[in-house]
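I have placed the structure first, in the form of structure tokens, so that the comments after it can refer back to it.
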Amino acid sequence: MAERLRTWWRRHARWLWPGAVVLWAAAGALAAGPSLWLPLEKDGLHDPAGPGIALLQQPAEALASLPRDSAGNKVRWVQALESGAINPRTNLFPETKVRVLDQDIIISRFGSMPAVKFPHRQHTLWLDCSNCHNGLFKDKIGANRFSMLAILNGEQCGVCHGAVAFPLTECNRCHSVPNASLQRKATP
Amino acid sequence: MIRAWLLVLALLLPMGTIHAEYGDVVLNRHSDKQGVRPVVFPHWFHRIRFRCKVCHQELGFQMRAGSNNVLMSDIIDGKFCGMCHNSQIAWGPERCDLCHSARPGTPAGIKGDNQTSGPGRW
């Protein structure tokens, strides 16, 4: 019996470490899989001993029924808005003018990445013109110089993208226009 | 030996400290000093109910976390959070623990989530 065990061990021992690593990774994936949103008391941010925590809405309760995303809040927020899944208020004061602009701007043409399409409509559904103009960006086409380094540092688009709007891991959502589809002008 | 280190690395990877929901902001300019829990402001909760422009344009909240000096006295006077947190649109300022809900000592700032660690520099 002991001899058999030793033979088995000699034959299979080399699989022990890789096997253990694979098992651990699988267990981790299983543990992380179903919990897209952590309960507040387990997020490391809220105090589980706080008296208010049992009364607060849990992210999973609010977000699970909304269009699913792979990043950020795991919610396609613009889609949630457009599909009517949510209908957030546009204003508190009746006199506030709710402004929406339907205009696409193509920026960062002919670089090493596909060009960027900036859709005003999706942005102004959420934001007012004055949130970006003329502080973050000048309201004139071609007047702004964009830098990915600044964006990654929380400037320009990075004020929201990477903080509350979809994160900067989602390159192709902005860099979405193939340069080949754009016409080169005679004068740049 | 290398395998042993790899295993140690694999064991450490799933661990972390803060797994806040994406866009959670901690306000702690005054809280810890005043002996109350810091505030957690969840963007996800609010944007289901209000568009960004309501707070960031009508109510005057600057976009960058840390650039607003939010005082309880202002909230009670109906400014900032107090525009809605007035027992009419949302719970009133006497429900301290619903907002002051972070672990004591949590640094102020905007947090990432369990996949994105958050902004590069804020």
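Identify the residue in the stretch B:16-69 that is more than 10 Å from every other protein chain (Cβ to nearest Cβ) and aliphatic (A, V, I, L, M) and, among all such residues, is farthest from A:Gly50 (Cα to Cα).
Result: B:Leu27.
Quick check on my filter: what residues within the stretch B:52-105 are modelled with pLDDT of 95 or more and hydroxyl-bearing (Ser, Thr, Tyr)?
Answer for the stretch B:52-105, where residues must be modelled with pLDDT of 95 or more and hydroxyl-bearing (Ser, Thr, Tyr): B:Ser73, B:Ser87, B:Ser101.
Which of the residues spanning the stretch A:36-53 are more than 7 Å from chain B (Cβ to nearest Cβ) and either among the aliphatic types (A, V, I, L, M) or more than 21 Å from the chain's Cα centre (by Cα) (or both)? Show your work before the answer.
Kept after step one, since they are more than 7 Å from chain B (Cβ to nearest Cβ), are these residues of the stretch A:36-53: A:36, A:39-42, A:48-49.
Within the stretch A:36-53, A:Leu36, A:Leu40, A:Glu41, A:Lys42, A:Pro48, A:Ala49 meet the criteria.
The values are calculated or read from the model by the stated rules, or taken from the named source; none is laboratory data. Worth saying up front: this structure is predicted, and the values here are computed from it rather than measured. Quick reminder, even Gly has a Cβ in these numbers, built from the backbone with ideal geometry, and neighbours come from all protein chains shown.
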